[in-house]
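Presented below is the structure to which this report refers.
The values are calculated or read from the model by the stated rules, or taken from the named source; none is laboratory data. Computed from a prediction, not measured in an experiment: that's the story for all the values here. Cβ sites come from the backbone with ideal geometry, for glycine too, and all protein chains shown count toward neighbours. Accessible surface is based on the protein model in full, side chains and every heavy atom, while ligands, DNA and RNA are left aside. Shrake-Rupley method; radii C 1.70, N 1.55, O 1.52, S 1.80 Å.
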Amino acid sequence: MKTILTPTDFSKEADNALKFASEFNKIFQAKILMFHSYFIPVPASDIPVMIPSDEEMRKGALDSLNDLKKKYIREYP
């Protein structure tokens, strides 16, 4: 096994899955790949609504992934 794909939505359950993958990886020494997807909201009515831009959504997701990566690098060097 060379790569372990671990999807995350930054929930407690996803955090548990990443912990499991990290423990599992102590044996296999594989590459852990974290994956997060997000959707771009589309207004469905004529009522004006503040919708974050794609760039804001992307930056927020990347910031969260980087924070999670730093946390796990400290816990599982």
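Observations on the model:
- Count, lysine Cα pairs under 20 Å in the chain, 8 or more residues apart or across chains: 20
- Rounded to the nearest 500, the 222 nm mean residue ellipticity of the chain from helices alone is -17500 deg cm²/dmol, with -39,500 (n - 2.57) taken per DSSP H run of at least 4 residues.
- Amide hydrogen proximity for M34: with H placed 1.01 Å from N in the peptide plane, the residues at 5 or more positions away or on another chain lying under 5 Å are T6.
- Model label points for M57 and A17, set 7 angstrom from Cα along the Cα-to-Cβ axis, are 1.9 nm apart.
- Among A44, A21, A30, the largest mean-square fluctuation in a Gaussian network model of the chain (Cα springs under 10 Å) belongs to A44.
- Loop-located chymotrypsin sites (Phe, Trp or Tyr not before Pro) in the chain whose Cβ has at most 10 other Cβ within 10 Å (DSSP): F39
- Computed from backbone phi, the HN-Hα couplings of the stretch 31-42 come to 8, 9, 10, 8, 10, 9, 10, 9, 10, 9, x, 10 Hz, rounded to whole numbers (Karplus: 6.51 cos²θ - 1.76 cosθ + 1.60, θ = phi - 60°; Gly and Pro given as x).
- Accessible area, probe 1.4 Å, largest first, for residues V42, V49: V42, V49
- For the chain, the share of accessible area belonging to carbon and sulfur comes to 61 percent (1.4 Å probe, ligands and nucleic acids excluded).
- Per residue accessible area in Å² of the chain, where ligands, DNA and RNA are left out and the probe is 1.4 Å: 81
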